[in-house]
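Step one of this worksheet: look at the structure below.
The values are calculated or read from the model by the stated rules, or taken from the named source; none is laboratory data. Keep in mind it's a predicted model, so treat the numbers as computed, not measured. Here the Cβ is made from the backbone with ideal geometry for all residues, glycine too, and neighbour counts use every protein chain on show. Each accessible area value is taken on the protein alone, full model and side chains, heavy atoms only, with ligands, DNA and RNA left out. Shrake-Rupley method; radii C 1.70, N 1.55, O 1.52, S 1.80 Å.
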Amino acid sequence: MKPAPFAYHRPTTLAEALETLAGESYAKVLAGGQSLVPLLSMRIAAPHALVDITAIPGLDTIEVSEAGVRVGALVRHADLLAHPDVRRVQPLVPEALAHVAHATIRNRGTTVGSIVHADAAAEMPVVLSLLGGSVEAASTGGTRTIPAEELFLGPMESALRPDEIATSAFFPALPAGAGVAFEEISRRQGDYALAGVAAVVHGESVRAGFVSVSDVPTVVDLTGVPDDELGEAALAHLDPAEDIHATAGYRAQLVRTLVRRVVTKAREAAA
Ligand SMILES: Cc1cc2nc3c(=O)[nH]c(=O)nc-3n(C[C@H](O)[C@H](O)[C@H](O)COP(=O)(O)OP(=O)(O)OC[C@H]3O[C@@H](n4cnc5c(N)ncnc54)[C@H](O)[C@@H]3O)c2cc1C
């Protein structure tokens, strides 16, 4: 199948891109195209126009500071994964990124695009949520910061308005004394996870984020939960579903196994 007809715009400034987006009745931003192009080809999405943001300068920067890591909208997963300083400030970012798709897809797909695509089967939306990060959004009306806890509204639905472009995402630094870990199980290396778990342990605080076992990226506070009850405590907030790859029961079992393993690893990393 081929995409439905659409107008194609490739602006060279952010202002021009925002004006174009505001002037179209149903437009989509095109970044790495690794999710949008398949949706167009299958006609699951049929926007009237695409606003390709890849020619806009200044959106491809990674800023690492003691406060955290700011990732521009055109930073590819592969560039973020390869950055020499990101792991020192926020190790959960490369830990999770290594599980995002295959190398060829990481070479084109953007981390910000993945976040605003808001797929609960993707790694980086839940990492942003777990770390309490945020997204910077721009429109012709100005800019705003959307905290991760307000970003994910429903299955593949973000709080980004149709006239907004996400210009960057911010991952806060890991506090001293905290530890993180990430693990997932997929049928083949690089496939979407059947289930995945990220954890942050800081002192008594234990929090975990879950991939592919709910409709929206979900973070559960597991502080004070005994190790042998972590799985059931997490599952009380999750809704593993059956599909052609796994039964709901198998996904639930992966949650039980992974959450205990990942929390233990995060504790060891914190020690
Ligand atoms: C075979 C395959 C396997 C994959 N496996 C995984 C996986 O295991 N884990 C995973 O997380 N992902 C996976 N992906 C998806 C990949 O990570 C994509 O890069 C990512 O989901 C979207 O990033 P993109 O830059 O390609 O966005 P696009 O495809 O260009 O856009 C995706 C959506 O986000 C919107 N958008 C993008 N950028 C912006 C922006 N700056 N402002 C506003 N809206 C924006 C678009 O309008 C569109 O609705 C896989 C993809 C494929 C094809």
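Per-structure values
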item: Candidate set: segment 115-144, residues that are small (Gly, Ala, Ser) and in contact with a Pro (Cβ under 7 Å, 6 or more places away or on another chain); chosen: the one farthest from Arg207 (Cα to Cα); result: Ala118
item: Boolean, Gly58 is under 23 Å from Asn107 (Cβ atoms), in contact with a Lys or Arg (Cβ under 8 Å, 6 or more places away or on another chain) and part of a loop (DSSP other than H, G, I, E, B); result: no
item: Filtered residue count, segment 33-49, keeping only those that are near the ligand (Cβ under 10 Å from one of its atoms) and not hydrophobic (A, V, I, L, M, F, W, C); result: 5
item: Residues within segment 189-246 that are under 15 Å from Leu131 (Cβ atoms), aliphatic (A, V, I, L, M) and out of contact with any Asp or Glu (no Cβ under 8 Å at 6 or more places or on another chain), tallied; result: 6
item: In segment 55-108, the residues that are open to solvent by 50 Å² or more (accessible area, probe 1.4 Å), under 24 Å from Ile165 (Cα atoms) and among the aliphatic types (A, V, I, L, M); result: Ala67, Leu81, Ile105
item: Answer from Gly109, Gly141, Gly58, Gly132 - the residue that is in contact with a helix residue (DSSP H, G or I) (Cβ under 7 Å, 6 or more places away or on another chain), more than 11 Å from the ligand (Cβ to nearest atom) and not hydroxyl-bearing (Ser, Thr, Tyr); result: Gly132
item: Identity of the residue in segment 201-211, in contact (Cβ under 8 Å) with a residue 24 or more places away in the chain and either open to solvent by less than 20 Å² (accessible area, probe 1.4 Å) or of a type in the set (D, E, K, R) (or both), that ends up nearest to the ligand (Cβ to nearest atom); result: Val211
item: Positions within segment 20-33 being farther than 18 Å from Val75 by Cα, free of Cβ contacts under 8 Å to residues at least 60 places away in the same chain and not in a helix (DSSP H, G or I), in sequence order; result: Glu24, Ser25, Lys28
item: Condition check for Thr12: part of a loop (DSSP other than H, G, I, E, B), within 12 Å of the ligand (Cβ to nearest atom) and open to solvent by 10 Å² or more (accessible area, probe 1.4 Å); result: no
item: Any hit, segment 34-53, residues being in contact with a Pro (Cβ under 7 Å, 6 or more places away or on another chain), closer than 20 Å to Gly141 by Cα and assigned to a loop (DSSP other than H, G, I, E, B); result: no
item: Every pair of residues 6+ apart whose Cβ atoms lie under 7 Å, when the first sits in segment 179-197 and is in contact (Cβ under 8 Å) with a residue 60 or more places away in the chain and open to solvent by 30 Å² or more (accessible area, probe 1.4 Å) while the second is assigned to a loop (DSSP other than H, G, I, E, B) and of a type in the set (Gly, Ala, Ser); result: Ile185/Ala193; Ser186/Ala193; Tyr192/Ala121; Tyr192/Ser186; Tyr192/Ser212
item: Unmet criterion (only one of (1) among the charged types (D, E, K, R); (2) more than 8 Å from the ligand (Cβ to nearest atom); (3) open to solvent by 30 Å² or more (accessible area, probe 1.4 Å)) for Asp52; result: (3)
item: Only one of Val93, Val51, Val64 that is closer than 18 Å to Val126 by Cα and among the β-branched types (Val, Ile, Thr); result: Val93
item: Unique match (being under 11 Å from the mean Cα position of the chain (by Cα) and at pLDDT 95 or above) among Ile146, Ile115, Ile165, Ile105; result: Ile115
